[in-house]
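To keep things clear, I will list the structure first and then write my remarks on it.
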Amino acid sequence: EPCEVYNVGTNFEMSVIQLAKELVHLIKETASESELELWIEHVSDRPSNDLNYPMNSKKLHRLGWKPKVAWEEGIRKTIEWYQENFYNWPNAETALTPFPSSAL
């Protein structure tokens, strides 16, 4: 339908902490939970913290849309792309600063 919002997503869900753990494991090739925890810094929650970001993509699915790439393949390809292209942006390192104080 024209002017409708269509969220692109799947029924696959993962918490934010689980996503962080998956990314660390894939990027740093951690072998254990204790090794993985060395790379995660737990900080105070934001004033409006989100545990996950659920999306309702039923409208798009009803039109016949289906994902072509599984989570595991897609996240690996995404990581590879960032590893190959990260330094194409000026100030790439500072872009990773969480919640810069100038924005607060």
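Here are a few things to note about the model shown:
- Some residue of segment 72-88 being open to solvent by less than 100 Å² (accessible area, probe 1.4 Å) and assigned to a loop (DSSP other than H, G, I, E, B): no
Yes or no, residue by residue, for (1) at pLDDT 90 or above; (2) over 20 Å from Tyr53 (Cα atoms); (3) of a type outside the set (Phe, Trp, Tyr):
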| residue | (1), (2), (3) |
| --- | --- |
| Gly9 | no, no, yes |
| Phe12 | no, no, no |
| Ile17 | no, no, yes |
| Glu35 | yes, yes, yes |
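- With respect to being under 20 Å from Ile75 (Cα atoms), under 16 Å from the mean Cα position of the chain (by Cα) and of a type in the set (A, V, I, L, M), Leu36 falls outside the description.
The values are calculated or read from the model by the stated rules, or taken from the named source; none is laboratory data. What you see is a predicted model; the values in this text were computed from it and never measured. All accessible areas refer to the heavy atoms of the entire protein, side chains included, with ligands and DNA or RNA removed. Shrake-Rupley method; radii C 1.70, N 1.55, O 1.52, S 1.80 Å.
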